[in-house]
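Computed from the coordinates by the stated procedures, all read-outs in this text should not be read as laboratory data. Bear in mind that the values here come from a model prediction, so they are computed numbers and not experimental data. Glycine also receives a Cβ, built like all others from the backbone with ideal geometry; neighbour counts cover every protein chain displayed.
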Amino acid sequence: MMKLLIFLSSVITVALATVQGIDVSHFQGSINWSSVRSSGVRWAYIKATEGTTFRDPNFSANYVGATNAGVIRGAYHFAHPDSSSGAAQANFFVDHGGGWSADGITLPGALDIEYAPSGNICYGLSASAMVAWIRDFSNTYHARTGRFPAIYTTTDWWRSCTGNASGFQNDNPLWIARYSTAIGTLPAGYTVASFWQYADSGPFPGDQDRWNGDLAGLQRMARGS
């Protein structure tokens, strides 16, 4: 019985393994990345671009700072599906910091697709048009980098604005936002979220996130293996 309990304990530990992360932009100001790393953060998504006109002014400082501190990092793009095509925004993203390389410290770029900052939450697009826009971005990013982007969203927005479309789970890692003690229901097709943004504030700069797995798994994600 004791051996069985030890075995079950190890299984549960593996199942619950997570790695602390954050996501940040210029809104956090200057970040002491060495302090962030020493406090337990092992990965970060950093805002690079928005639409086809905005480049985050702190992106380079954050990206270099995270790199120098030994934090696995990636870039994210805030989508504006009402202003230009998915392909145009994917190209803008890759051209301004959103690329990927198999160096073991670079996460695939992330598409931040969520409630519109103002007006119609779905940017005035139908569900089918939104799905087509996201696929356009995803396929263009893949053609440019060899990786499909992660998709950051909420289940509520995904249901409202894509009609709860399935199929993206085959290529795109899910980064779900839900501020709760449980991750909750996921968009159609997904059985697991790779990343979970569980709070918009906490002990670390920016939003608080977890990688669903251990550090070795996160490193495999970064390598694309």
- Given C-alpha coordinates of the chain, what is the ratio Rg to Rh with the Kirkwood estimate of Rh? 0.98
- Item | Under 5 Å, built H, 5+ apart or other chain: amide partners of D207 | D23
- Query: How many nm is it between the label spots at Y115 and D82, if each spot is 7 Å from the Cα in line with the beta carbon?
  - Reply: 1.5
- Query: Which angle between 0 and 90 degrees, to the nearest 10, do you get for helix 59-69 versus the longest principal axis of the chain when only C-alpha atoms count?
  - Reply: 20
- Suppose R0 equals 22 Å; then what is the FRET efficiency for T185 and A127 from their Cβ-Cβ distance, rounded to the nearest 0.05? 0.75
- List the relative contact order of the stretch 56-140 as a percent without decimals, with contacts defined as Cα pairs under 8 Å and 6+ residues apart. 37
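At a 10 angstrom cut-off on C-beta neighbours, averaged per residue, how do the peptides 89-97, 129-137, 116-124, 101-109 rank from highest to lowest? Let's see the in-between values first.
Numbers: 89-97: 22.2, 129-137: 19.7, 116-124: 12.9, 101-109: 18.1.
Per-residue mean Cβ counts within 10 Å order the peptides as 89-97, 129-137, 101-109, 116-124.
Give the order of T140, T181 when sorted by the count of other beta carbons within 10 angstrom, beginning with the fewest. Can you show the working numbers first?
On the way: T140 20, T181 7.
By the 10 Å Cβ count, ascending, the order reads T181, T140.
Using R₀ = 30 Å, calculate the FRET efficiency as 1/(1 + (r/R₀)^6) where r is the Cβ-Cβ separation of T67 and S166; round to 0.05.
Numbers: r = 36 Å, r/R0 = 1.19.
Computed FRET efficiency for T67 and S166 comes out at 0.25.
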- Note on the structure: Residue span D103 to S35: 0.36 nm per residue of separation minus Cα-Cα distance leaves a gain in nm of 22.1 nm
- 5 angstrom amide H check on Y76, placed H, neighbours 5+ away: I46, K47, A48, T49, A110
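Return D171, D200 ranked ascending by Cβ neighbour count within 10 Å, so the fewest neighbours appear first. Provide the component values of the computation, followed by the final result.
Details: D171 14, D200 11.
Ordered from fewest to most neighbouring Cβ atoms within 10 Å, D171, D200 come out as D200, D171.
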- Message: Could you work out the relative contact order of the stretch 20-223? I mean the mean sequence separation of Cα pairs under 8 Å and 6+ apart, divided by the number of residues, in percent.
- Response: 21
- Can you give the FRET efficiency for R223 and S60, using 1/(1 + (r/R0)^6), R0 = 22 Å, r = Cβ-Cβ distance, to the nearest 0.05? 0.40
- Query: In whole Å, how far is the Cα centre of the stretch 140-175 from that of the stretch 23-78?
  - Reply: 22
- Where does helix 86-95 land angle-wise versus the long Cα axis of the chain, in degrees 0 to 90, nearest 10? 60
